[in-house]
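Beneath this line is the structure, given in structure tokens, with notes to follow.
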Protein chains: 2
Amino acid sequence: MIALDGYDLRLLAALQTDGRLTNQELAERVHLSASQCSRRRQALEEAGVIRRYRAEIDGERLGLGVTAFVNVQLSRHSEHNARRFRDVIADCDEVLEAHALTGDMDYLIKIAVRDLKSFADFVNTVLLAHETVAHVTSRIVIETLKSGGALPLRAGSGG
Amino acid sequence: MIALDGYDLRLLAALQTDGRLTNQELAERVHLSASQCSRRRQALEEAGVIRRYRAEIDGERLGLGVTAFVNVQLSRHSEHNARRFRDVIADCDEVLEAHALTGDMDYLIKIAVRDLKSFADFVNTVLLAHETVAHVTSRIVIETLKSGGALPLRAGSGG
DNA sequence: GTCGATCATGCATGAAACGTGCATAATCTA
DNA sequence: TAGATTATGCACGTTTCATGCATGATCGAC
């Protein structure tokens with residue numbers, strides 16, 4: 001874990017909210033010069049702290065009316081099955097995230113699709129049709145209270 | 001839902017992967033001029049299709065060793081309780097996402113914390129300590145197979 | 001099909017932003 | 001304290017952005 005000072009944390013906070021801030025805008029938020037912000041941003045990128053920048057897209061404007069979380073249990077716990085399931089997940093762009101979890105179900109995946117019909121199709125033709133998958137439990141998102149996945153940053157005091 | 005042509009979809013795909021691509025780089029990927037990419041990107045932003053750009057940060061480099069999904073059931077279904085729960089969620093930067101779901105549990109929240117101890121603290125002192133919360137089920141992420149939340153884009157044919 | 005209106009596009013270009021050399025200040029270590 | 005190292009802001013050449021303009025493409029009415 002690399003050492004991050006207060007300036008770094010503030011840069012991260014700013015860029016986590018708006019990844020396209022100019023160096024000058026960062027400078028105003030962080031109270032360093034634009035060139036120093038540029039250097040530090042680059043260092044954070046090179047160190048892998050900032051992995052990448054992404055455009056956050058509004059799924060509804062794309063016609064994606066249904067987001068759901070699906071719990072998946074594999075038929076047999078083996079490295080082979082896990083790898084095959086992993087490949088299925090990687091191939092489906094409907095799958096936004098996928099995590100292996102502790103507990104009775106093996107994986108939790110988050111998917112986004114056009115409507116309930118395509119959701120059912122996805123579950124039946126992609127998940128349940130796959131021989132590694134034994135059991136599936138689905139829950140539809142009816143409301144999103146918080147999104148974006150911004151990580152907590154230690155309360156910085158730098159300045 | 002606004003009309004997106006093949007060029008728009010390709011721009012979105014490119015920017016969903018790298019939100020800091022220059023207009024020239026976009027031009028090369030999409031086969032339009034840089035100025036047209038600039039205009040279309042602006043239009044997508046103004047239309048709200050692109051909501052924002054975010055830096056994606058590596059939580060582990062921040063010392064966040066535990067990601068977990070927590071199912072939360074409220075003690076009583078009322079608008080008052082829902083609003084109060086919503087406020088709690090909004091106030092905690094450990095909470096990355098929160099969704100109200102169909103099914104037996106009311107909410108699914110995703111959190112990131114330093115370690116298991118801080119996870120237990122969060123559950124006990126934030127969630128369970130809150131009078132609106134009746135029941136909590138937690139599952140720790142042991143591996144992430146896919147992340148970033150990139151939305152599926154219709155296969156575009158523009159060009 | 002023709003014509004005029006409208007929209008999309010690339011080119012050109014002035015303004016804005018970037019990134020880095022350099023000199024200086026700040027910090028660290030013996 | 002002194003020297004070495006690191007962080008910083010300034011200056012500036014290069015890159016990028018955004019927009020006016022002319023032109024091409026598309027649309028709709030006749």
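Residues with amide H under 5 Å of B:Cys92's amide H, sequence separation 5 or more or different chain, H placed in the peptide plane at 1.01 Å from N; which? Correct list: empty. Computed with a 1.4 angstrom probe on protein heavy atoms, the A-B interface buries about 7000 square angstrom of accessible area in total. The order of the peptides A:128-138, A:85-95 by mean Cβ neighbours within 10 Å, most packed first, is A:85-95, A:128-138. Residues in the stretch B:3-10 carry Karplus couplings, in order, of 6, 10, 8, x, 4, 4, 5, 5 Hz; the curve used is 6.51 cos²θ - 1.76 cosθ + 1.60 with θ = phi - 60°, and Gly or Pro positions show x. Around the amide H of B:Lys146, modelled in the peptide plane, lie the amide H atoms of A:Ala98, all under 5 Å away and 5 or more residues distant in sequence or on another chain. Paramagnetic label reach from A:His77 (point 7 Å along Cα→Cβ; backbone nitrogen cut-off under 20 Å): within the stretch B:44-81, residues B:67-69. Shape class of the stretch B:6-46 from the alpha-carbon gyration tensor: rounded, with the ratio a/c of largest to smallest axis under 1.5. Non-local lysine pairs in the protein assembly as shown, meaning eight or more places apart or on different chains, with alpha-carbon distances under 17 Å, amount to 5. Each residue of the stretch B:51-64 was assigned a 3J(HN,Hα) from its phi angle through the Karplus curve 6.51 cos²θ - 1.76 cosθ + 1.60 (θ = phi - 60°); the sequence is 7, 5, 10, 10, 6, 9, 9, 7, x, 5, 5, 8, x, 8 Hz, with glycine and proline shown as x. Once the 1.4 Å probe is applied to the protein heavy atoms, chain B comes out at 48 Å² accessible per residue.
Here is how far apart the B:Ser33 label points are across copies: 3.7 nm, shortest first, using a point 7 Å from Cα toward Cβ. Taking the protein heavy atoms of the protein assembly as shown in the context of the full set of protein chains, the accessible area attributed to carbon and sulfur is 47 percent at 1.4 Å. The HN-Hα couplings worked out from phi for the stretch B:111-122 by the Karplus form 6.51 cos²θ - 1.76 cosθ + 1.60 (θ = phi - 60°) are 10, 10, 9, 5, 8, 5, 4, 5, 5, 4, 4, 4 Hz, whole numbers, x standing for Gly and Pro. For chain A, a Gaussian network of Cα nodes joined below 10 Å ranks A:Val113, A:Val49, A:Val70 by mean-square fluctuation, and the top entry is A:Val49.
Near the amide H of B:Ala134, within less than 5 Å, lie the amide hydrogens of B:Gln73, B:Leu74, B:Ser75, all on another chain or at least 5 residues away, with H placed in the peptide plane. Between this copy and the others, label points of A:Ala90 are 4.1 nm apart in ascending order, each placed 7 angstrom from Cα in the Cβ direction. Copy-to-copy label distances for B:Asp121, where each label lies 7 Å from Cα along Cα-to-Cβ, are 4.8 nm in order of increasing length. Between the stretch A:82-159 and the stretch B:27-61, how far is it from one alpha carbon centroid to the other, in angstrom? First find each Cα centre; the distance between them is then 24 Å. Among A:Gly59, A:Gly19, A:Gly149, the largest mean-square fluctuation in a Gaussian network model of chain A, built with springs joining Cα atoms closer than 10 Å, belongs to A:Gly149. Taking the helices alone, the protein assembly as shown has a mean residue ellipticity at 222 nm of -9500 deg cm²/dmol, built from -39,500 (n - 2.57) per DSSP H run of at least 4 residues and averaged over all its residues.
In chain A, taking the dipole from charged Cβ atoms about the Cα centre, the farthest positive-side position among A:Val136, A:Val66, A:Ala55 is held by A:Ala55.
The values are calculated or read from the model by the stated rules, or taken from the named source; none is laboratory data. Worth saying up front: this structure is predicted, and the values here are computed from it rather than measured. No Cβ is skipped: glycine too gets one built from the backbone with ideal geometry, and neighbour counts run over all protein chains shown. In case anyone asks, the SASA skips ligands and DNA or RNA and just uses the protein heavy atoms, side chains included. Shrake-Rupley method; radii C 1.70, N 1.55, O 1.52, S 1.80 Å.
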